[in-house]
Amino acid sequence: MTEVFFTGDAGRLEGVYQQGTKPDAPIALILHPNPQLGGTMNNKVVYTMFQAFVKLGFSVLRFNSRGVGKSQGVFRADEEVELSDTLTALEWLKSMNPEASHTWIAGYSYGALVGLSVLMRRPDINGFVAMSPPADVCDFSYLSPCPASGIIIQGGADTIVSEPAVAMLAEKLDTFKKVQVKYVMLEDADHLYTNQLKNVFDALQENVPPLLIPKKRVIKRKKRSSNANTDTPK
């Protein structure tokens, strides 16, 4: 892992980057929860997601939004500000991996909200992970239709985000054509995923790879009519 810096609208942004081993390795950008509640790129859930994508062979970046850690500027819980920093980080990651086969975005809690917003703005994103998206307090109706396949992970013992609301969101997104949205509910997990980080890691290891395999196009051939003239032309 390498500490990196890149320039955003408010100045220098701090990140941690791991390069994949293959030239066409897929890429993943990991987003942290709300800094006003202590969220940083070193959050344990964010770190677990980072390590899971590294294990899967991705080139992975996690970073601190403006005003967090060594990132310059002042944090504001403003969608446009968060989108600006995230898009800057995504462009940096893509510039480091011009041959990347897939582009994924993953976020936890507030980071999941930001990630899903970016997903709708960037058609080049092929997959997503949303952990504990605040479906009970935020309107995700803009995900209609959902533009990419992905995974939603939620704790069954979460007292901050409603599990039924997240399950309903996942069910709705999975109904859209040409995408697959997998819902993983960790029954004993609270919002912080206390003692559940291995299960988070395992869930990503199991559910991300199938979404990296492009679906084969099925070509249906017309059956020859039994009444067709099979005589050789003279």
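The values are calculated or read from the model by the stated rules, or taken from the named source; none is laboratory data. All of these numbers come straight from a predicted model, not from anything done at the bench. Virtual Cβ from ideal backbone geometry, glycine too; neighbours counted across all protein chains shown. Calculation scope for accessible area: heavy atoms of the full protein, side chains included, ligands and nucleic acids excluded. Shrake-Rupley method; radii C 1.70, N 1.55, O 1.52, S 1.80 Å.
Before moving on, here are some points about what is shown:
- Using a cutoff of 8 angstrom between alpha carbon atoms and counting only pairs six or more residues apart, the relative contact order for the stretch 1-107 works out to 38 percent.
- By accessible area, using a 1.4 Å probe on protein heavy atoms only, the stretch 1-140 has 49% of its surface on carbon and sulfur.
- Solvent-accessible area per residue, Å², over the chain with all protein chains present [probe radius 1.4 Å]: 53
- Computed from the C-beta positions of E187 and L212, the FRET efficiency with R₀ = 30 Å rounds to 0.65.
- Rg(Cα)/(2.2 N^0.38 Å) for the chain, N = residue count: 1.17
- P(r) weight above 14 Å for the stretch 56-99, C-alpha pairs, percent: 54
- Among C146, C138, the order of accessible area from largest down is C138, C146, computed with a 1.4 Å probe on protein heavy atoms.
- Remark on the stretch 3-105: Rg and Dmax equal 13.0, 38 Å (Cα only).
- Between 0 and 90°, nearest 10: helix 197-212 axis offset from the chain longest Cα axis: 30
- FRET efficiency, D9 to S101 (Cβ-Cβ, R0 35 Å, nearest 0.05): 0.75
- Rounded to 10°, Cα long-axis angle of helix 110-121 versus longest principal axis of the chain: 40
- Residues S144, S117 ordered from highest to lowest accessible area at a 1.4 Å probe: S144, S117.
- Over the chain, dividing the summed -39,500 (n - 2.57) contributions of all DSSP H runs of at least 4 residues by the number of residues returns a 222 nm mean residue ellipticity of -9500 deg cm²/dmol.
- Candidates G107, G155, G57, ranked by Gaussian network fluctuation over the chain, Cα under 10 Å, top entry: G57
- Annotation: extensible slack from D136 through V179 equals 13.2 nm (criterion: 0.36 nm per residue apart, minus Cα-Cα distance).
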